[in-house]
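Right, one structure below, let's go through it.
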Amino acid sequence: MSARAEPSNRYGAKRRIMHHLLYLWAASVAVRIVLILSLIYWLAPLGREWAAGRHTLPSSVIVDRHGEHLYELIDPHGGAQRAVPLDAIPLHLRQAVIATEDATFYTNPGFSLPAMVRALWQNLRHGEIVSGASTITQQVARQSMSPTQRYEQSVRRKVREVWLAYRLTRTHSKDEILALYLNSSHFGNQAYGIDAAARGYFAKPARELNLAESALLAGLLQAPIAHNPLVNPEAAQARQAIVLDLMVRGGYISEDRAELALREPLHYGGEPFRIRAPHFSLLVREQLAEILDEETLAQGGLTITTTLDWGLQREAEVQVRRHLAKLNQATAEAPGHRVRNAAVVALAPDGAVRIMVGSPDYFDTSINGAVNATLTLRQPGSALKPFTYAAAFERGMSPATVVSDVRTTFLTAEDEPYVPINYDRIFRGPVPLREALGSSYNVVAVRVLDRIGIQALPDMAQRVGITSLSHPERQGLALTLGGAEVSLLQLTGAYATLATSGELVRPYLIEEVRNADGNLLYAHAPAAPQRAMDSRVAYMVTDILADPHARIPSFGRSSALKLPFSAAVKTGTTNNWRDNWTVGYTSQWTVGVWVGNADNTPMERATGVTGAAPIWNAVMRLAHPAASTPLGRPEGLVDVEVCATSGHLPTTACSHRRQELFLPEHAPTEPCDMHRIIVVDALTGEPAADDTPPERRVRRTVTYWPADALEWALEQGLPLPPELARAPDISAMSQPPQFDDVTPYLTSPDHRGVYRLSRELPPEHQQLRIAAVCPACALGDELQVWANGMLLHTWTSPPYQLLWPLVEGEHAFAVIYHPLDENPVESEHVEITVIQGITRIQEVPVIQEDHQDPTPLRGEAP
């Protein structure tokens with residue numbers, strides 16, 4: 001029996017082994033099925049998600065503060081796209097995209113392993129995703145995913161993207177993939193696809209794009225918001241230069257062709273579509289991407305409530321077009337002003353943007369109408385001066401502080417002479433800062449900035465919300481005259497900070513965002529209050545800007561700055577008439593206006609008061625249907641009666657007096673030292689002697705001009721004190737004038753100045769004016785002028801001037817003051833160079849000023 005059982009047991013063992021093998025095979029099949037299903041889940045979009053990614057999503061709507069419809073954000077996969085065949089896309093555009101986005105496009109299998117390894121290393125180093133290394137094919141693959149998958153930041157999504165890219169490469173030609181990419185990519189400003197981008201930015205189909213335009217559009221693909229040419233043309237063109245350089249490196253174009261394309265002028269403007277307040281609405285759309293995630297935006301159905309007041313916006317647009325038409329209308333008295341662009345910003349006290357006009361016509365490419373001029377950086381001219389004075393008031397100056405408006409030479413960082421002059425080329429001698437700011441005198445503004453230090457202005461600008469004055473060393477003292485660049489929106493916000501008594505105002509556009517179900521997704525939350533400057537300082541600046549009498553010397557009594565209610569206002573005009581500005585405010589509104597040309601071509605003598613001010617005036621009237629509430633005066637200011645000429649406490653010799661604002665800690669304590677009453681001999685005009693008969697002794701008020709204004713006083717023919725000014729003085733100041741610094745100095749020529757001789761003029765007609773100031777020499781002492789170490793002339797009384805024949809070569813001048821019975825005092829040396837050539841005019845203003853146009857439009861005050 002045992003013999004028969006042995007084979008049977010062997011057979012049972014084999015059967016069990018077969019069963020185990022069968023089980024193992026079944027298990028392996030099951031594992032494979034699970035793995036395949038997992039790979040399908042990982043590497044391919046589910047059918048339902050794919051459909052969700054392709055169906056038309058509900059539109060989002062931008063409305064004004066009252067619910068008025070401004071703009072509808074349509075689904076990017078709907079009617080906004082215009083697919084065009086690859087042969088309708090210029091070759092240079094295709095090459096620009098490949099050179100920029102995927103240099104190995106035609107040779108890679110849909111992904112780039114070296115780029116992926118490099119990106120992985122960078123991401124590991126930074127601890128976050130900083131580089132994606134996506135090829136063009138991978139980007140097309142990503143676009144095919146649902147919104148949920150598309151914006152997912154995970155390894156799963158990346159692996160799926162690579163797999164889909166590989167599959168695309170197996171099933172589509174490279175040209176087909178490139179066409180898909182160009183027809184689906186986002187170029188910013190709601191332009192999906194190259195044809196939509198061409199029409200949206202340049203108002204032309206894709207097939208008509210030139211190399212310059214193609215390079216600019218190709219540069220938008222990686223960061224369409226950061227390089228938006230309608231908001232930041234400089235950033236867009238910098239990116240364009242990078243694209244052209246990549247095309248040169250890729251062998252697609254020559255360096256010469258790239259250089260020509262870089263110099264090609266670009267004219268921005270879109271094809272007309274349904275939109276209100278286009279610059280504002282499109283900026284809102286850009287800002288949405290900063291406050292909401294991409295997946296939420298992609299779902300659509302949003303209602304975006306903004307700060308805009310459409311009624312006021314519409315009227316402001318009308319005023320802009322109306323005034324530009326008037327400026328360009330030639331008359332018998334004056335030609336047209338050649339001005340094509342203007343921009344307006346109006347802010348509520350909390351920073352809400354109620355009006356934003358970026359250009360007179362968004363869709364006009366001839367004027368670069370699509371460029372939002374409220375955001376572009378332009379030179380502000382004198383519109384920056386109030387912040388110089390605010391910084392000065394913080395440092396102890398006051399509206400009563402007197403600074404001499406006289407010819408003054410400063411040395412630049414390059415050790416060259418800089419001589420600022422006023423708009424009308426007139427010097428006014430000693431003037432209080434109230435008049436200097438109100439009438440916008442250039443020389444005084446520069447001297448004030450020189451006194452407080454150049455860095456004081458960019459520091460103040462940063463505090464009030466202006467972020468573009470980061471390199472003051474480039475402009476030097478000309479910074480206070482508008483030598484740097486600002487945007488109208490930031491400048492208007494800075495003035496709004498003055499209107500809120502120094503509380504920082506941050507402009508904003510979006511009030512709230514709700515989804516299709518009405519759920520609140522975002523609501524503007526006011527930032528914590530931040531004090532930008534002392535409220536008292538802000539009020540002092542405001543009080544000057546709202547003082548019509550301080551403006552009279554430059555603007556007259558009637559100008560476009562005059563309103564039926566009190567408003568603080570300042571104008572600005574830049575060099576060669578390229579920009580002019582008017583910015584002003586009440587307690588309810590701050591309005592800023594810029595007028596100029598988007599391509600930076602100069603206007604024809606249009607100033608802040610003739611170009612921008614009439615628009616500002618009209619908008620201010622629209623915004624104030626009733627009288628404005630006066631700006632409140634803060635506590636902590638004192639009113640002090642001062643001498644109107646010196647700014648010090650008046651004496652019996654001061655006939656002109658006025659009340660002035662002061663910080664208590666900076667109120668004047670010294671009596672006026674400019675006016676004195678002396679007794680003179682009526683017969684000789686000289687100070688009376690002891691033996692002068694009583695009937696000939698008369699009292700006379702004399703003015704002791706500041707040392708730096710003596711030369712100006714002489715040029716104006718104003719009387720100087722008698723040389724023997726030690727005569728009895730019966731005013732509060734009984735002592736002769738005392739000088740803190742008796743060092744003389746030369747006012748002409750300019751240190752480091754270069755002068756050119758002309759062979760066409762006789763030598764006697766080529767002479768240089770030598771002029772000096774000697775604070776103590778008015779007392780009758782000698783002043784010598786030396787040239788190249790040799791005595792040139794000796795003066796015993798003012799004026800200290802002479803003409804010196806120009807001689808080719810290097811020359812050094814100095815003056816030496818010889819007080820009686822004391823050691824001589826020598827000035828600093830002034831060095832000049834005289835060369836052969838055409839005579840050079842040196843007094844050219846760096847920045848022009850903005851007073852009444854010498855050839856104003858009809859109906860405006862001269």
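Tabulated data for the structure shown
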{"quantity": "Hits in segment 169-206 - residues which are at positive phi and touching an Asp or Glu at 6+ places or on another chain (Cβ under 6 Å)", "calculated": "ALA203"}
{"quantity": "Matching residues, segment 234-257, being under 32 Å from the mean Cα position of the chain (by Cα) and either over 15 Å from HIS92 (Cβ atoms) or surrounded by fewer than 15 Cβ atoms within 10 Å (Cβ to Cβ) (or both)", "calculated": "GLU234, ALA235, ALA236, GLN237, ALA238, ARG239, ALA241, ILE242"}
{"quantity": "Flag if GLN81 is under 26 Å from GLN240 (Cα atoms) and at pLDDT below 85", "calculated": "yes"}
{"quantity": "Segment 493-519 residues that are farther than 29 Å from THR303 by Cα, paired with ones that are open to solvent by 20 Å² or more (accessible area, probe 1.4 Å) and outside any loop (DSSP other than H, G, I, E, B) (beta carbon under 7 Å, 6 or more apart)", "calculated": "THR497/GLU503; SER501/SER535; SER501/TYR539; GLY502/ARG531; GLY502/SER535; GLU503/ARG531"}
{"quantity": "PHE555 vs. criteria under 23 Å from PRO614 (Cβ atoms), of a type in the set (Phe, Trp, Tyr) and open to solvent by 10 Å² or more (accessible area, probe 1.4 Å)", "calculated": "no"}
{"quantity": "Qualifying residue in segment 359-376 (condition: touching a Lys or Arg at 6+ places or on another chain (Cβ under 7 Å), in contact (Cβ under 8 Å) with a residue 24 or more places away in the chain and more than 24 Å from ARG65 (Cβ to Cβ))", "calculated": "yes"}
{"quantity": "Matching residues, segment 439-455, being over 13 Å from ASP405 (Cβ atoms) and open to solvent by less than 10 Å² (accessible area, probe 1.4 Å)", "calculated": "LEU449"}
{"quantity": "Candidate set from segment 636-646 (those that are part of a loop (DSSP other than H, G, I, E, B) and out of contact with any helix residue (DSSP H, G or I) (no Cβ under 8 Å at 6 or more places or on another chain)); member that is least open to solvent (accessible area, probe 1.4 Å)", "calculated": "SER646"}
{"quantity": "Subset tally (residues that are crowded, with 24+ Cβ neighbours inside 10 Å and within 25 Å of the chain's Cα centre (by Cα)) for segment 389-432", "calculated": "6"}
{"quantity": "Helices (runs of 4 or more DSSP H) within segment 173-227 that include 1 or more residues free of Cβ contacts under 8 Å to residues at least 60 places away in the same chain, open to solvent by 10 Å² or more (accessible area, probe 1.4 Å) and farther than 18 Å from VAL371 by Cα", "calculated": "174-184"}
{"quantity": "Selected residue [among the hydrophobic types (A, V, I, L, M, F, W, C) and surrounded by fewer than 15 Cβ atoms within 10 Å (Cβ to Cβ)] from ALA316, ALA277, ALA261, ALA332", "calculated": "ALA332"}
{"quantity": "Test: residue in segment 581-591 that is in contact with a Ser or Thr (Cβ under 9 Å, 6 or more places away or on another chain), at pLDDT 90 or above, of a type in the set (Ser, Thr, Tyr) and part of a loop (DSSP other than H, G, I, E, B)", "calculated": "yes"}
{"quantity": "Inter-residue pairs, beta-carbon under 8 Å, first more than 24 Å from LEU820 (Cβ to Cβ) and part of a loop (DSSP other than H, G, I, E, B) and in segment 780-806, second among the small types (Gly, Ala, Ser) and modelled with pLDDT of 90 or more, 6+ apart", "calculated": "ASN788/ALA812; GLY789/ALA812"}
{"quantity": "Filter result for the condition that a residue is of a type in the set (Gly, Ala, Ser), at pLDDT below 90 and under 30 Å from THR669 (Cβ atoms), over SER758, SER731, SER748", "calculated": "SER731"}
{"quantity": "Among the candidates ALA644, ALA688, residue that is hydrophobic (A, V, I, L, M, F, W, C) and in contact (Cβ under 8 Å) with a residue 60 or more places away in the chain", "calculated": "ALA644"}
{"quantity": "Filter result for ALA626 (of a type in the set (A, V, I, L, M, F, W, C), within 30 Å of ALA568 (Cα to Cα), modelled with pLDDT under 90 and open to solvent by 50 Å² or more (accessible area, probe 1.4 Å))", "calculated": "yes"}
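To keep it simple, each residue is scored yes or no on (1) closer than 30 Å to VAL443 by Cβ; (2) touching a residue at least 24 places away in the same chain (Cβ under 8 Å).
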{"site": "HIS624", "(1), (2)": "no, yes"}
{"site": "THR652", "(1), (2)": "no, yes"}
{"site": "VAL698", "(1), (2)": "no, no"}
{"site": "VAL702", "(1), (2)": "yes, yes"}
{"site": "LEU710", "(1), (2)": "yes, yes"}
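The values are calculated or read from the model by the stated rules, or taken from the named source; none is laboratory data. Since we're looking at a predicted model, the values are computed, not measured. Neighbour counts run over all protein chains shown; Cβ positions are idealised from the backbone, glycine included. Note: accessible area is taken over every heavy atom of the protein model, side chains too, but ligands, DNA and RNA are not part of it. Shrake-Rupley method; radii C 1.70, N 1.55, O 1.52, S 1.80 Å.
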